[in-house]
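Working notes, structure below.
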Amino acid sequence: DRLTGSYRIEEHSQTYNDYTRFSIAIRKSGIYDEVVIENFYNSGIAVRATVAYDKIYISRQIVNGYEIEGVGTYYGNEIEFSYRVRDTFSYGKPTDFCNATAWFD
């Protein structure tokens, strides 16, 4: 419950040295310790993550052609994410390594 809601997020791509701002939403998935992060990577996709104490674990998954995995740490009204995204449809495109901060909106 403490994680669910809307967040403003600032993402930094280490691969492209680029900053992006967008919104995400976190909701319960219906499974005990699992949440769904909507609009992950500002791509309109929803990824599943497991919550354990103040950690959010995004296990390796492929959603709509994006291979994703990472981790987040929850501090009060803020989440620090570190993750990697690979576009499986774009041959030769590098894996995008990102850090992001999300603030409860």
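The table below gives the values:
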{"quantity": "Translational D in µm²/s for the chain (Stokes-Einstein at 37 °C, 0.692 mPa s, Kirkwood Rh from C-alpha pairs)", "calculated": "239 µm²/s"}
{"quantity": "Residue-span extension gain [Tyr75 to Tyr32] - 0.36 nm each, minus C-alpha spacing", "calculated": "13.4 nm"}
{"quantity": "Carbon/sulfur fraction of accessible area - the chain, other protein chains in place, 1.4 Å, %", "calculated": "48 percent"}
{"quantity": "Residue-count net charge about Arg48 - beta-carbon cut-off 15 Å; Lys, Arg +1, Asp, Glu -1", "calculated": "-1"}
{"quantity": "Length gained when the stretch Ile62-Phe22 is fully extended (0.36 nm per residue, less Cα-Cα span)", "calculated": "12.3 nm"}
{"quantity": "Length-normalised contact order of the chain in % [C-alpha pairs under 8 Å, at least 6 apart]", "calculated": "25 percent"}
{"quantity": "Alpha-carbon Debye profile of the range 44-105, log10 I(q)/I(0) at 0.28 Å⁻¹", "calculated": "-1.22"}
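The values are calculated or read from the model by the stated rules, or taken from the named source; none is laboratory data. Computed from a predicted structure; not experimentally measured. Note that each Cβ is placed from the backbone with ideal geometry, even for glycine, and that neighbours are counted across all protein chains shown. Just the protein is used for accessible areas: all its heavy atoms, side chains included, with ligands, DNA and RNA removed. Shrake-Rupley method; radii C 1.70, N 1.55, O 1.52, S 1.80 Å.
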